[in-house]
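Visitor: Sharing a structure below in C-alpha cells format, with a few things to ask.
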Amino acid sequence: MTRRKKIIAGNWKMNFNIQEASIFLHNLEKEVAVHRDVEVVLAPTMLALQPLSLQVNRRQFKLAAQNFHFQDYGAFTGEVSATQLRGLVEYGIVGHSERRHIFRETDKMIRSKVQAAIRNRIRPILCIGETAQQKSEGETADVIHDQLVGGLANVTSDELKDIVIAYEPVWAIGTGNNALPSDVKHAIKAIRSQIRHLYGAAAAEEIQVLYGGSVKPDSATAYLQVEGVDGLLVGGASLSVHDFAAIAAKAHGLSEDE
Ligand code: 13P
C-alpha cells in the first residue's frame, strides 16, 4: 500500500511540430480521464511548450521540458533556461540517457540542472540507468549509486520532495528489449536504499520512482505492479493517442485496487 501518486509521463523526444503537437493534445484530451491518483505529464518539443501551455487543461495534463540549460540566463547560444521555462512547465527531464550519451552530459552538468530546476520551481525528473555493457558486467547497482550521488549532490532533504527519479536502463530505451519486472524491482530497490542512505527512511518511502524503457500498453501493468514503482516514463508509445491513453488508464485502475 502506498500513498504516492502515480505519474505517467510521455517523452515525445524530437517528434511532432507545433501543429502536430497541438492536434495530438486535442485528441489525447478526449481519451484521458482526470483522476486524482494519477498525474499525466507530457514532454513535447521545446517549441510547442508555449502554445500547449495555453491549450492544456492543467487539471488533466502537466507539461514537462525535455531539457534545459543549467544557467538562468547569459551567453549560451541556442540554449533555453529553466528560468525561461518557469511557469510554462511543472516538470523538467534531467539526465536522460540520450542527453548523457549523445550530448555528453556529465553528472556535474546534471547536478547543476537539478539545481536550476528546483530554483525555478520545476520538478526535476532525474533519469538514471545502466548501459548494456554495465549490466553484463554486473555494475547496475554501482551505476545507480554514482548517478544518484552525482545528480543529487547539492539537494537538501527539503528539496528532495520535489524530485522524481526515473530508472531507464539504456539498453531498454527504444529497443523493444524491455526490462524484466524482476530487473526493475532490483533496480528500484537499489534506488530507494541509496535514497535511504542519503536522506533517511521517510524520504526513501516518499520519493516517486518511475520506470522507463520500451513500455507499451500490454507491459505497463506489470511494471506498475512492481514494488516501489510509481509510474512510467514512456517514449515511443507516448506518440500514439490510443497507446498512451491506455497506459494512463492502467495506472488509475491499479491505484484503485490498492
Ligand atoms: P521508449 O519508450 O521509446 O523505449 O523510450 C523510453 C524513454 O526514453 C523515455 O524517456
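The values are calculated or read from the model by the stated rules, or taken from the named source; none is laboratory data. Small disclaimer: the values here were computed from a predicted structure and weren't measured. Positions of Cβ are backbone-derived with ideal geometry, glycine not excepted, and every protein chain shown enters the neighbour counts. What goes into the accessible areas is simple: the full protein's heavy atoms, side chains included, and nothing from ligands, DNA or RNA. Shrake-Rupley method; radii C 1.70, N 1.55, O 1.52, S 1.80 Å.
Visitor: Could you give the spread of the C-alpha atoms of segment 28-86 along their three principal axes, from largest to smallest, in whole angstroms?
Guide: 43, 21, 14
Visitor: From Cα coordinates alone, what are the radius of gyration and Dmax values for segment 74-218 in angstrom?
Guide: When restricted to Cα atoms, segment 74-218 yields Rg and Dmax of 15.1, 46 Å.
Visitor: Follow-up. Could you order 215, 241 by accessible surface area, starting with the largest, using a probe radius of 1.4 Å?
Guide: On the way: 215 5, 241 30 Å².
Result, largest first: 241, 215.
Visitor: Something else about it: Could you report the accessible area of residue 93 in Å², rounded to 10, computed with a 1.4 Å probe on the protein chains as they sit in the structure?
Guide: Number for this one is 10 Å².
Visitor: Counting alpha carbon pairs within less than 8 Å and at least 6 residues apart, what relative contact order, in whole percent, applies to the chain?
Guide: In percent, rounded to a whole number, it is 21.
Visitor: While we're here: Counting only residues 5 or more places away or on other chains, whose amide H sits under 5 Å from the amide H of residue 42 once H atoms are built in the peptide plane?
Guide: 10, 62, 63, 64
Visitor: Short version: what are the Cα gyration tensor semi-axes of segment 109-168, square root of 5 times each eigenvalue, largest first, in whole Å?
Guide: Sorted largest first and rounded, they come to 24, 10, 9 Å.
Visitor: Further, regarding this structure: What does the convex hull of the Cα atoms come to per residue for segment 52-155, in Å³?
Guide: Considering the Cα atoms of segment 52-155, their hull volume per residue is 121 Å³.
Visitor: Sticking with this one: Which whole number of Å³ per residue matches the convex hull of the alpha-carbon atoms in segment 141-258?
Guide: Working: hull volume 12.7 nm³, N = 118.
In segment 141-258, the Cα hull volume divided by residue count equals 107 Å³.
Visitor: Please give me, ordered by residue number, the chymotrypsin sites (Phe, Trp or Tyr not before Pro) of segment 22-124 that lie in loop per DSSP and have at most 12 other Cβ atoms within 10 Å.
Guide: 73, 76, 103
Visitor: Which of the residue pairs 6/185; 108/216; 5/185; 62/185; 161/250; 135/189 have a Cα-Cα distance greater than 22 Å in the structure shown? Could the numbers behind the result be given before it?
Guide: Working: 6/185 16 Å; 108/216 33 Å; 5/185 18 Å; 62/185 27 Å; 161/250 25 Å; 135/189 16 Å.
Where the Cα-Cα span goes over 22 Å, the pairs concerned are 108/216; 62/185; 161/250.
Visitor: Give the span of segment 1-117's Cα atoms along each principal axis, as three whole-Å numbers ordered largest to smallest.
Guide: Reported extents, whole Å, longest axis first: 41, 41, 25.
Visitor: Calculate how large, on average over all directions, the projected area of the Cα convex hull of segment 94-143 is; give the answer in nm² to one decimal.
Guide: If I average the Cα hull's projected area over directions, I get 3.7 nm².
Visitor: Largest first and to the nearest Å, give the Cα extent of segment 188-237 along each principal axis.
Guide: 35, 18, 15
Visitor: Over the Cα atoms of the chain, how large are the radius of gyration and the largest Cα-Cα distance (Dmax), in Å?
Guide: 16.9, 51
Visitor: Another question about this same structure. With a 1.4 Å probe and every protein chain left in place, tell me how much accessible area residue 26 has, in Å² to the nearest 10.
Guide: Residue 26 has an accessible surface of roughly 90 Å² with all protein chains in place.
Visitor: Using a 7 Å offset from the Cα along the Cα-to-Cβ direction at both residue 31 and residue 159, what is the distance between the two label points in nm, to one decimal?
Guide: 3.8
Visitor: May I pose another question? Quick check on packing: order 7-19, 151-163 by the mean number of other C-beta atoms within 10 Å, highest mean leading.
Guide: 7-19, 151-163
Visitor: Sticking with this structure for a sec: Could you work out the helix-only [θ] at 222 nm for the chain, with each DSSP H run of four or more residues adding -39,500 (n - 2.57) and the total divided by the number of residues, to the nearest 500 deg cm²/dmol?
Guide: -13500 deg cm²/dmol
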